[in-house]
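For reference, the structure discussed in these notes is given below.
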Amino acid sequence: MEEIDETLRETCPICLKNEAKYTCPRCNVRYCSVLCYKGEKHMECSESFYKDCFIDGLKDRSCGPEEKTKIMEMLSRVEKETEELDVDGDEEPDLGERLEGLDLDGDAGAIWKRLTEKERNEFDQMTKDGRLGHLVEVWTPWWTPQAKQLIQDEDDHTVQSQKFPKVKVDIVDLAVLLPKSKPSSGVKYNVVGALYAYCFVCRLHNGGHWDTPVESAQELLIVSDATNKEIVYNSPGEVIQSCIQRVTKSTFGRETSTGFNISLLEDIISIIRGPSQERPLEYLTMALSEFLHIIRKAKKRVSKGLKMGKYKGDNSMKKDLFACEKKVDFYLSWLQRLGMALHTLVPELVLEHSAAESDLDDVEKKRLELEGFWGGKQKPQQRKMIEEIT
């Protein structure tokens, strides 16, 4: 197994004993195990996360049969347990009758309203004692060392296909795309931007990015700025800062923290390094292939939606998706010929990550100092020199 750079190691802030291996998708705190994730120090975040994910799961229009079955089973258990607590003997309509005619994909609010007071209380209790934990599994990215440990037999392609993205098989050779010219030396920086967008969307959706391709594709377009032909980068730091700025200005980026945005540099470094020195471009090809597959799937859905009148307005989104598809196709061709140039950027990315974390620590220390001086999180209002006498 490839050694992890010591500069990227950190101790779990919850137990203060083991190495932090995972990142909470909600508050971005690093932790080492499920016990720490569900521990008392992280309970407030994990409880809220489970409940939000449950509601989001009901709202998800791409919710599959298995997920719907799990939701119905959970609601049935809630009903059964609350029936046992019903000391008044009042009979409530059967859960199936109360939910009859509701769409699990889009009627989350209506479903919640049709639960009894006792069922809602029991649901809240289930979020506190961890019984909902099995419904929401914290996603482990396929490019992390933890994911690699899950693959025991490298010859078992069935197991690997369940864990890793499918690679595009018909990648056009770069010499065919550019028979009389050479690609710009700045392409490698644009690829870093595409990787940042990909890692961001994967983490943002907790691994469910493939279930909502149109939403994921919109986010990929915004974060990577993949349709902008005029933009030129000169360093890894420049493209990373550009991506972070677009995240912070976006509506979906408001739910992420600065620490989370910085931590994505670790993901990029892991993808560039790949599984081993013998397969240096494998993870890069997988990441860009899935990026491309999401864009293509979104393009099909948007095209179908335009024909059905689902999407109003012009074909701007469809055009953007088409342009992005062509650009990522080019990146894959470039990768097969010149992808090793990305490995030369790893030291710069490591330094960029360390510098960003150091700056974040300085800001946090300054914040704590100010809060200590103020005696709270809010700056006290200045008193008027002359108060009105009543």
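A few comments on the model shown:
- The label-point distance for GLN146 and GLU10, in a model that sets each label 7 Å from Cα toward Cβ, rounds to 1.4 nm.
- Take every pair of alpha-carbon atoms less than 8 Å apart whose residues are at least six positions apart; their mean separation over the length of region 174-374 yields a relative contact order of 28 percent.
- Loop-located GluC sites (Glu not before Pro) across region 178-281 with a Cβ neighbour count of 10 or fewer within 10 Å are GLU230, GLU278, with loop assigned by DSSP.
No lab work stands behind these numbers, since they all come straight from the coordinates. Just so it is clear, the structure is predicted and the values come from calculations on it, not from any experiment. So basically every Cβ, Gly included, is an ideal-geometry build from the backbone, and we count neighbours across all protein chains shown.
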